[in-house]
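Below is one structure, written out as structure tokens; comments come after it.
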Protein chains: 2
Amino acid sequence: MPETLTGRDDEARAEQVYQLVLEGIVAGRYEQGVRLRERELSELYNVSRIPVREAIQRLEQDGFVETFPRRGAVVRQLTLADVNELFDVRLCLETFAARMAAVRVAAGEPGGRLQELLDDTRQAIDDGRTDDVVRLSAAFHAEIVRLSGNRLLIESVKPLFGRMRWIFGLAHNRSNELQRDEHMELCNAILGGKADLAYTLAYSHIELGREPVLKGLAETLEP
Amino acid sequence: MPETLTGRDDEARAEQVYQLVLEGIVAGRYEQGVRLRERELSELYNVSRIPVREAIQRLEQDGFVETFPRRGAVVRQLTLADVNELFDVRLCLETFAARMAAVRVAAGEPGGRLQELLDDTRQAIDDGRTDDVVRLSAAFHAEIVRLSGNRLLIESVKPLFGRMRWIFGLAHNRSNELQRDEHMELCNAILGGKADLAYTLAYSHIELGREPVLKGLAETLEP
DNA sequence: ACTCTATTTTTGGTATACAAAAAGTCCGGA
DNA sequence: TCCGGACTTTTTGTATACCAAAAATAGAGT
């Protein structure tokens, strides 16, 4: 097992445990429905139960596990309804973020790393680095939210992005090329300060992602 | 001090500590900027540090305290920017909830306790029970979100409502009468299945609440 | 008054213990 | 064989005691 708290352990233990377990869940090493026992994890990662509890608590907030009183934590079972709900909430928040980002850019705020992320994605696609494409794509969405300037929005969206990452691990997505094109259009709208256009483009871009993910997940769920 | 874990303490200690501290913050007993020391709280409430830590962690997620590594938790300082951000995110999520609630009612789902809450508010206003009016008003908003049927949305909105309660404790609101009229219109739109109208009414109702709260808070912040 | 140092507090973490609730196991009877 | 209840084991939630290291505070010297 490659997952031990190696090297400098002067970092926050709870944070490390959180990351490791999260990685395990997203990568599918912890299958859905599996119980996460405190002692088990604390022995596996060589920490006491306290950081483990803290990590589990955070995993629960972020929607990866479900806990039951006196029964502990279980890796959540993702349903199609969950995915639909996730896309609906993303539509609410990310379209607003796109509009606000455009408004702020129009008002003179810097455009952040938007263009840069887009260029990097281009490179990653050309090089066939699929993992990087996914990561950069997610970073693009996160950057838009960051550009909205609304800290509460950023905070509210964070758990949604975590879930997206998880879902993408289970259900593959549509063409990276198509997505990048949409990102480019959206990027131009935001950097051009065109708020309504940014809103519309963000809406259709997110909505276009729904069906493929639902289909992909449906296959994984019922083989 | 009336705040000790009295009676049957067979309930979750962490939950009780959370509630008690939260109550203290909302009621203004813990002023903004005050440090929340683990030992202090554990002695005050007669529990060990573990439930206290868990409670503080949850208070942080819900936006009531801020924690700094090795320095612990501090009651957050609410700024006007925070209030604006909160209203913006509420506009995103609650208007969507109102629309969805109307759609679902139109599709035959039950209308929940919406009408009932409205009637109770009427009574509370007539009786001059101001606290109940505020509580019922908040419950009305929560009920709309619940009727949206989106569990992720419900979850995402919960911390926002907690913050609203806090803010209303600091800055008083506009006329209960006016608000109730708006609630009534919104209720009718939802129960009538008029999705677009529900959306519009929810939007203006929330937006109308912004200025008074900002003004009220500005006075409290700078006396 | 102001800065630098020494002392005390406080956090984040470990280890251990224990009651009570779940979960798991076993056994006898239909 | 299958079922249901009694018994045993696990696991959580919490308490207590303790520690290193960082932060806050007090103190001393200029």
**Prompt:** Can you name the residue in the range A:48-64 that is away from DNA strand D (no atom under 13 Å from the Cβ) and either more than 17 Å from residue B:54 (Cβ to Cβ) or surrounded by fewer than 16 Cβ atoms within 10 Å (Cβ to Cβ) (or both) and is also nearest to the other protein chains (Cβ to nearest Cβ) among such residues?
**Reply:** A:63
**Message:** Can you tell me which condition residue B:67 does not meet? The list is (1) within 14 Å of another protein chain (Cβ to nearest Cβ); (2) of a type in the set (S, T, N, Q); (3) part of a helix (DSSP H, G or I), and all the others hold.
**Reply:** (3)
**Asked** How many of the residues making up the range B:168-205 are in contact (Cβ under 8 Å) with a residue 40 or more places away in the chain and of a type outside the set (A, V, I, L, M, F, W, C)?
**Response** 14
**Item:** Exclusive hit being in contact (Cβ under 8 Å) with a residue 12 or more places away in the chain and among the basic types (Lys, Arg), set B:135, B:165
**Value:** B:165
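Hey, does the range A:43-57 have a residue that's of a type outside the set (A, V, I, L, M) and more than 16 Å from DNA strand C (Cβ to nearest atom)?
Among the residues of the range A:43-57, not one is of a type outside the set (A, V, I, L, M) and more than 16 Å from DNA strand C (Cβ to nearest atom), which makes the answer no.
Evaluate the following for residue B:74: is it touching a strand residue (DSSP E or B) at 6+ places or on another chain (Cβ under 8 Å) and more than 14 Å from chain A (Cβ to nearest Cβ)?
Values: touching a strand residue (DSSP E or B) at 6+ places or on another chain (Cβ under 8 Å): yes; more than 14 Å from chain A (Cβ to nearest Cβ): yes.
In short, yes.
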**Residue list for the range A:25-47, restricted to those being among the small types (Gly, Ala, Ser) and modelled with pLDDT of 95 or more** = A:42
**Message:** Checking the structure you have, find out if any residue of the range A:113-124 is surrounded by fewer than 22 Cβ atoms within 10 Å (Cβ to Cβ) and at the interface with another protein chain (Cβ under 10 Å from one of its Cβ atoms).
**Reply:** no
**Message:** What's the total number of residues in the range B:12-40 that are away from DNA strand D (no atom under 11 Å from the Cβ), in contact with a helix residue (DSSP H, G or I) (Cβ under 7 Å, 6 or more places away or on another chain) and free of Cβ contacts under 8 Å to residues at least 60 places away in the same chain?
**Reply:** 3
**Prompt:** How about the range B:160-172: which of its residues are among the aliphatic types (A, V, I, L, M) and either under 13 Å from residue B:62 (Cα atoms) or part of a helix (DSSP H, G or I) (or both)?
**Reply:** B:160, B:164, B:167, B:170
**Item:** Qualifying positions in the range B:176-223 - of a type in the set (Gly, Ala, Ser) and surrounded by 16 or more Cβ atoms within 10 Å (Cβ to Cβ)
**Value:** B:189, B:193, B:195, B:198, B:202, B:209, B:216
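Residue by residue, here is whether (1) at the interface with chain A (Cβ under 10 Å from one of its Cβ atoms); (2) in contact with an Asp or Glu (Cβ under 7 Å, 6 or more places away or on another chain); (3) in a loop (DSSP other than H, G, I, E, B) holds:
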| residue | (1), (2), (3) |
| --- | --- |
| B:18 | no, no, no |
| B:30 | no, no, yes |
| B:33 | no, no, yes |
| B:41 | no, no, no |
| B:88 | yes, no, no |
| B:104 | no, no, no |
| B:108 | no, no, yes |
**Message:** Restricting to the range B:74-107, and then to whatever is surrounded by fewer than 17 Cβ atoms within 10 Å (Cβ to Cβ) and farther than 30 Å from residue A:51 by Cβ, can you tell me which residue is farthest from DNA strand C (Cβ to nearest atom)?
**Reply:** B:106
**Request:** Can you tell me which residue among B:157, B:145, B:134 is at pLDDT below 95, β-branched (Val, Ile, Thr) and assigned to a helix (DSSP H, G or I)?
**Result:** B:134
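Would you pick out the residues in the range B:162-181 that are within 17 Å of residue A:159 (Cβ to Cβ) and away from chain A (no Cβ under 13 Å)? It would help to see each step written out before you state the result.
Pass one, the range B:162-181, residues within 17 Å of residue A:159 (Cβ to Cβ): B:162-163.
Hits for the range B:162-181: nothing passes.
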**Item:** Check on residue A:71, within 9 Å of DNA strand C (Cβ to nearest atom) and of a type in the set (D, E, K, R)
**Value:** yes
**Request:** Determine which member of the set A:218, A:139 is at pLDDT 95 or above and either part of a helix (DSSP H, G or I) or not assigned by TED's automatic domain parsing to the domain that holds residue A:22 (or both).
**Result:** A:139
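What do you reckon, is residue A:58 under 25 Å from residue B:92 (Cβ atoms), modelled with pLDDT of 95 or more, assigned by TED's automatic domain parsing to the domain that holds residue A:37 and in a helix (DSSP H, G or I)?
yes
Can you find, within the range B:163-175, the residue that is farthest from the chain's Cα centre (by Cα) among those that are surrounded by fewer than 16 Cβ atoms within 10 Å (Cβ to Cβ) and of a type outside the set (Lys, Arg)? First the steps, then the outcome.
Just the residues of the range B:163-175 that are surrounded by fewer than 16 Cβ atoms within 10 Å (Cβ to Cβ), to begin with: B:165, B:169, B:172, B:174-175.
When the remaining residues are screened for being of a type outside the set (Lys, Arg), the result is B:169, B:172, B:175.
Values: B:169: 10, B:172: 14, B:175: 18 Å.
The extreme case among them is B:175.
The values are calculated or read from the model by the stated rules, or taken from the named source; none is laboratory data. What you are looking at is a predicted structure, and each value in this text was computed from that prediction instead of being measured. Neighbour counts run over all protein chains shown; Cβ positions are idealised from the backbone, glycine included.
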